[in-house]
1. For residues in segment 143-202 being of a type in the set (Lys, Arg), modelled with pLDDT of 95 or more and outside any loop (DSSP other than H, G, I, E, B), which is nearest to the chain's Cα centre (by Cα)?
2. Touching a Ser or Thr at 6+ places or on another chain (Cβ under 9 Å), outside any helix (DSSP H, G or I), of a type outside the set (Val, Ile, Thr) and buried (at least 24 other Cβ atoms within 10 Å of the Cβ) - does that describe any residue in segment 418-436?
3. Can you tell me which of (1) out of contact with any helix residue (DSSP H, G or I) (no Cβ under 6 Å at 6 or more places or on another chain); (2) β-branched (Val, Ile, Thr); (3) more than 28 Å from Glu235 (Cβ to Cβ) is the one Ile274 doesn't meet?
4. Could you check segment 26-46 and list, in sequence order, the residues that are in contact (Cβ under 8 Å) with a residue 24 or more places away in the chain and closer than 10 Å to Val479 by Cβ?
5. Just to be sure, is Leu380 touching a Gly at 6+ places or on another chain (Cβ under 8 Å), modelled with pLDDT of 95 or more and farther than 18 Å from Thr268 by Cβ?
6. Is one or more of the residues making up segment 225-235 outside any loop (DSSP other than H, G, I, E, B) and aromatic (Phe, Trp, Tyr)?
7. Any residue at all in segment 237-254 that's within 25 Å of Ser345 (Cα to Cα), surrounded by 18 or more Cβ atoms within 10 Å (Cβ to Cβ) and acidic (Asp, Glu)?
8. Check whether at least one residue in segment 121-134 is closer than 25 Å to Gly56 by Cβ and among the hydrophobic types (A, V, I, L, M, F, W, C), and report yes or no.
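The values are calculated or read from the model by the stated rules, or taken from the named source; none is laboratory data. Computed from a prediction, not measured in an experiment: that's the story for all the values here. We place every Cβ from the backbone using ideal geometry, glycine too, and count neighbours over all the protein chains shown.
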Amino acid sequence: MEKLSANHNTPPGFRLLPGEKILTVTKHQPRVFRQTPSSIDQILRLTKAEHPNDIGKHGPSLAAIALEASHLDDPRETPDHLRLYEAVFGRDSLRVAIDLISSYPELARTTTLTLAKLQGLEDNLEREEEMGRIVHEVRDKDDPVAQKLTAERGWAWPYYGSVDATPEFIRTLTAYCQRSEENAAFLAEEYTDMHGKTRTMNQALEMALAWIERRLNSNPEGLLEFHSPLPNGIENQVWKDSWDAYHHSDGKIANHNRPIASIEVQVTTFDALIDAAELFEDVLDQPERAKELRHCADRLRQVIFDQFWTEDKGGYFVIGADRDEDGSLRQLKIRTSNMGHTINSRLLKGDDPEVVRMRESTIKHLFTEEMQNSSGIRTLASDEVRFRPGAYHNGSVWLWDTHYIAKGLRRLGYKDKANLLDDKLLNVIKSTKIFPEYVRGDDGPSPSINEFTIEVWDEENQRINKVEQPPQEVQAWSVAVIRAIEYRRGRKK
């Protein structure tokens with residue numbers, strides 16, 4: 001790679017925001033691959049399996065790996081920037097497991113079992129551990145990456161700094177119980193927790209539900225918010241975890257001194273509560289517990305409509321809400337892919353005229369030219385202030401994100417729209433010959449990936465912002481959604 005001076009030309013479409021100045025531009029030599037890799041081969045590598053029948057037998061998927069050098073025209077050592085996430089991340093592993101549950105159900109079983117063993121048991125500030133909370137990032141304290149993060153950010157291990165891994169755990173666990181041959185018998189499975197105590201998966205489920213219920217019941221509006229107690233904890237404890245992903249329409253960053261609520265976290269939590277209620281009612285014969293969970297879900301559903309819907313621009317779901325210094329909620333009125341997560345949810349199910357209006361308006365926004373490009377759905381609409389085509393969460397296209405929305409469209413009967421998005425994702429793999437973490441959100445005719453790392457100084461926020469970087473080559477989320485598309489279309493081998 002080549003270090004470039006600050007006055008060097010930046011990639012097409014790159015622009016500075018007011019108060020920014022370029023610090024460094026690093027050009028990375030592209031790794032050129034001969035052929036499109038097999039999704040099954042990469043799942044084997046991510047799950048440390050030797051044969052498809054072994055997928056899931058060795059625990060959760062890693063979050064990402066680099067493609068093997070044997071695929072390169074010019075094999076050479078893999079650079080460090082392509083090996084950032086060779087670890088288990090709670091959120092990532094759960095989404096991979098649920099996307100692959102039809103073809104590899106064992107992966108959902110061992111993923112939830114492994115995460116149950118690591119489930120929070122006490123309040124620990126450095127780990128951000130709480131009773132019932134599902135882990136975010138799993139590393140041994142002697143891991144060089146872990147040591148670096150501990151030295152620079154004060155984290156202890158394992159680290160629990162995510163708000164969505166816990167509802168995702170409930171969703172994956174209930175999906176496995178409902179869809180596998182083992183069914184709810186899995187809830188009797190015993191394991192040893194971090195304190196050496198024997199527990200069952202049913203207890204793990206109840207602990208996760210209790211964590212959510214405590215959070216919702218203690219919140220003034222009944223929201224599941226995030227706010228790191230650590231000075232250098234993850235600021236946005238959701239999948240769009242870059243520090244500038246949550247902002248207002250004028251570009252001003254959300255107030256991280258107060259808790260923030262994200263739309264898709266509320267939606268995932270709503271669905272997790274319904275999933276659990278159905279399990280308690282239909283399988284475990286606990287109608288009273290099911291009733292409690294449904295009541296909790298109903299309250300959250302109304303809060304979502306009240307706090308996250310805006311009539312601006314014809315009506316859409318905002319990315320979230322922050323709080324002013326007095327604690328009052330403020331909508332973050334930007335159009336993002338997050339609104340599409342309401343489509344793949346029971347939230348907008350039914351024929352109530354107002355629900356239908358919200359559903360139709362959301363879909364209309366998702367298919368505007370500001371939200372779509374040749375690769376899929378942009379993380380941030382191209383007419384928003386902070387949009388940059390190569391930004392991590394402010395303009396790029398993430399494959400798992402687009403596929404998640406496509407699944408919702410298919411469930412609602414929009415088969416042609418869903419197929420269009422899936423076709424775009426398959427073309428990404430064909431064009432790039434990798435399973436990229438994300439691709440650029442520019443207006444080019446074909447998918448493209450970042451080849452630069454660009455750091456700028458943000459004067460208003462007094463910090464360095466890494467606004468572009470190359471994607472990981474084999475992102476587990478991306479592999480899983482491509483495999484899911486192939487499986488659904490009949491390519492089962």
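1. Result: Arg171.
2. For segment 418-436, residues touching a Ser or Thr at 6+ places or on another chain (Cβ under 9 Å), outside any helix (DSSP H, G or I), of a type outside the set (Val, Ile, Thr) and buried (at least 24 other Cβ atoms within 10 Å of the Cβ): present.
3. It fails just one condition, (1).
4. Pro37, Ser39, Ile40, Gln42, Ile43, Arg45, Leu46, listed by residue number.
5. Yes.
6. Yes - at least one qualifying residue is present in segment 225-235.
7. Yes, that holds for at least one residue.
8. Yes, segment 121-134 has at least one match.
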